[in-house]
1. Of these, E67, E47, which one is open to solvent by 80 Å² or more (accessible area, probe 1.4 Å), of a type in the set (D, E, K, R) and assigned to a loop (DSSP other than H, G, I, E, B)?
2. Tell me the residue from I34, I21, I38, I42 that is in contact with a Ser or Thr (Cβ under 6 Å, 6 or more places away or on another chain), surrounded by 10 or more Cβ atoms within 10 Å (Cβ to Cβ) and among the β-branched types (V, I, T), please.
3. Tell me, please, whether a residue that is at pLDDT 80 or above, in contact with a strand residue (DSSP E or B) (Cβ under 9 Å, 6 or more places away or on another chain), among the polar types (S, T, N, Q) and within 29 Å of I7 (Cβ to Cβ) can be found in region 44-65.
4. Take Q27 and decide whether it is of a type in the set (S, T, N, Q), open to solvent by 100 Å² or more (accessible area, probe 1.4 Å) and in a strand (DSSP E or B).
5. Being open to solvent by 90 Å² or more (accessible area, probe 1.4 Å), hydrophobic (A, V, I, L, M, F, W, C) and part of a loop (DSSP other than H, G, I, E, B), is that true of even one residue in region 4-14?
Amino acid sequence: MKYKVIIKQVDDWYIAECPAIPGCVSQGKTIKEIHENIKDAIKGCLEVLNKRAEREKAKHKNEILYEVAV
């Protein structure tokens, strides 16, 4: 899956934000660095969201947690 990312330069830094995942931001000194950093940030954010979903499932016994690959 691909995500759109907004990159802006602030002084000597690049700041990247993934609007599809609120709060998912990263920074880097170069475009190459920010590209790798935002990929890591997206992976980390998705991992946290999946862990939250697993915890929520434990609270609701009548729901099924189903994994979908896209």
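1. Residue meeting the stated conditions: E67.
2. Checking each option against the conditions leaves just I38.
3. Checked against the condition, which is being at pLDDT 80 or above, in contact with a strand residue (DSSP E or B) (Cβ under 9 Å, 6 or more places away or on another chain), among the polar types (S, T, N, Q) and within 29 Å of I7 (Cβ to Cβ), region 44-65 yields no hits at all.
4. Taking the combined requirement at face value, the residue does not satisfy it.
5. Within region 4-14, not a single residue is open to solvent by 90 Å² or more (accessible area, probe 1.4 Å), hydrophobic (A, V, I, L, M, F, W, C) and part of a loop (DSSP other than H, G, I, E, B).
The values are calculated or read from the model by the stated rules, or taken from the named source; none is laboratory data. This structure is a prediction, so every number in the text was calculated from the model and none was measured. Please note: Cβ atoms are built from the backbone with ideal geometry, for glycine as well, and neighbour counts cover all protein chains shown. Areas reflect the complete protein model, heavy atoms only, side chains present, ligands, DNA and RNA absent. Shrake-Rupley method; radii C 1.70, N 1.55, O 1.52, S 1.80 Å.
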